[in-house]
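Asker: Quick one: this structure, given as structure tokens, is what I'll be asking you about.
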Amino acid sequence: MKGLPSECAVYAVFGNPVKHSLSPLMHQAALDRMGLKAVYVPFCVTDLKEAVLGIRGLGIRGVSVTLPFKTAVMNYLDEIDEGARRIGAVNTIWNDQGRLKGTNTDWLGFVLSLQAHTEIRGRRFLVIGAGGAARGIVYGLIREGGHPVIINRTAAKAEALAREFGCSFLSGAEIHQAGADGLINTTPVGMAPHGEDSPWPGDRLHHFPVVMDIIYNPLQTRLLKEARTAGCLTISGLEMFIRQGAEQFKIWTGLEAPLSRMREVVLAQLTKDANR
Ligand code: ATR
């Protein structure tokens, strides 16, 4: 077998399971497009501590961290930036000459996707869900001067998250009062194979100029389809996924990421899977 050239850089994703991750496809396409001698490898991790030690031992330059390790990985890094600390999750490790630095690009991927379509500063956004994904989104909205309002199936969790971040929340019973400059779904409701579900009543979507879903499989969730019918501007979770990856690419390589190439390959794969 032909070996890798000695100067070949190695990047990776750590997850379990990791088989369905689109990060290897997206990042390899980006590395190739930029003409970099590099490979991006998926690792199904069974021992996280040992895996992180391996980053240094093997000289892996950068790692994407996915479920279920985004919080646990924080125990094994040399540095964690403020955003990742506030959110309580690291999705990116950069091996900076042996120092393992943890950051979170999910919130920034979200912010950039939303800002490509609308202003955040001074505006009110209704955030559905109060789990790990919601934390990054609430953090990003506040950082950019927006006003999140959290609503969640378990009201106590919405309240706890709102208190932690100093923003407001609504109970489920107040849903009829809900109107805002945008609606953002951070729950898994509507994700394949449950594409028939939606986290929000279709007849209450016209109150929102912009509706965003963080789900990217299916590409057009029921929420987004109904929002489009209701005349809202819609943003798919694909944008957030691509942009969080582009920010990782920038951190690791110091280069601007080839965003459209990354979008192209991920879109092609998702379309292929949908037609299967
Ligand atoms: P993640 O870390 O990916 O955000 P999570 O921490 O499990 O995942 O959070 C999922 C969020 O989606 C939670 O806010 C959850 O609501 P609860 O706090 O009530 O559990 C919400 N969620 C998950 N399934 C849901 C469903 N079927 N209907 C409504 N909300 C749901």
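The values are calculated or read from the model by the stated rules, or taken from the named source; none is laboratory data. This structure is a prediction, so every number in the text was calculated from the model and none was measured. Neighbour counts are summed over all protein chains in view; Cβ atoms, including those assigned to glycine, are modelled from backbone coordinates with ideal geometry.
Asker: Mind listing just one residue for me: the one in the range 204-225 that is among the hydrophobic types (A, V, I, L, M, F, W, C) and in a loop (DSSP other than H, G, I, E, B) and, of those, surrounded by the fewest Cβ atoms within 10 Å (Cβ to Cβ)? So that I can check it myself, show each step before the final result.
Answerer: Residues of the range 204-225 that are among the hydrophobic types (A, V, I, L, M, F, W, C), as a first pass: 205, 208, 210-212, 214-215, 219, 223-224.
When the remaining residues are screened for being in a loop (DSSP other than H, G, I, E, B), the result is 205, 208, 214-215, 219.
Working: L205: 21, F208: 24, I214: 28, I215: 27, L219: 18.
Only one residue tops the list, namely L219.
Here's the yes/no breakdown for (1) within 16 Å of the ligand (Cβ to nearest atom); (2) assigned to a loop (DSSP other than H, G, I, E, B); (3) in contact with a Lys or Arg (Cβ under 9 Å, 6 or more places away or on another chain); (4) under 17 Å from R243 (Cα atoms):
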position	(1), (2), (3), (4)
P17	yes, yes, no, no
M26	no, no, yes, yes
V39	no, no, no, no
V52	no, no, no, no
I60	no, yes, no, no
L67	yes, yes, no, no
K70	yes, yes, no, no
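Asker: Considering only the range 106-126, state which residues are within 16 Å of the ligand (Cβ to nearest atom) and either more than 16 Å from C232 (Cβ to Cβ) or part of a helix (DSSP H, G or I) (or both).
Answerer: D106, W107, G109, F110, listed by residue number.
Asker: I've got another one for you. Assuming F169 fulfils every condition listed in (1) within 16 Å of the ligand (Cβ to nearest atom); (2) part of a helix (DSSP H, G or I) apart from one, which condition is it?
Answerer: Result: F169 passes all but (2).
Asker: Kindly list the number of the only condition in (1) more than 9 Å from the ligand (Cβ to nearest atom); (2) crowded, with 22+ Cβ neighbours inside 10 Å; (3) more than 20 Å from T66 (Cβ to Cβ); (4) not acidic (D, E) that fails for A158.
Answerer: (1)
Asker: Which residue out of T92, T46, T66 is surrounded by fewer than 17 Cβ atoms within 10 Å (Cβ to Cβ) and at pLDDT 95 or above? I'd like the intermediate steps shown before the answer.
Answerer: Details: T92 fails: surrounded by fewer than 17 Cβ atoms within 10 Å (Cβ to Cβ); T66 fails: surrounded by fewer than 17 Cβ atoms within 10 Å (Cβ to Cβ).
On inspection, the qualifying residue turns out to be T46.
Asker: Run down L219, L233, L270, L259 and say which single residue is in contact (Cβ under 8 Å) with a residue 60 or more places away in the chain and farther than 22 Å from L141 by Cα.
Answerer: Details: L219 fails: in contact (Cβ under 8 Å) with a residue 60 or more places away in the chain; L233 fails: farther than 22 Å from L141 by Cα; L259 fails: in contact (Cβ under 8 Å) with a residue 60 or more places away in the chain.
From the options L219, L233, L270, L259, the qualifying one is L270.
Asker: Here is a follow-up. Suppose we keep only residues that are surrounded by fewer than 21 Cβ atoms within 10 Å (Cβ to Cβ) and among the polar types (S, T, N, Q) within the range 237-263. Which one would you say is farthest from T186 (Cα to Cα)?
Answerer: That would be T253.
Asker: Return the residues of the range 127-148 that are in a strand (DSSP E or B) and more than 16 Å from the ligand (Cβ to nearest atom); say none if nothing qualifies. Please lay out each step first, then the result.
Answerer: Our first condition is that a residue be in a strand (DSSP E or B); within the range 127-148, this holds for 127-128, 147-148.
Result: H147, single match.
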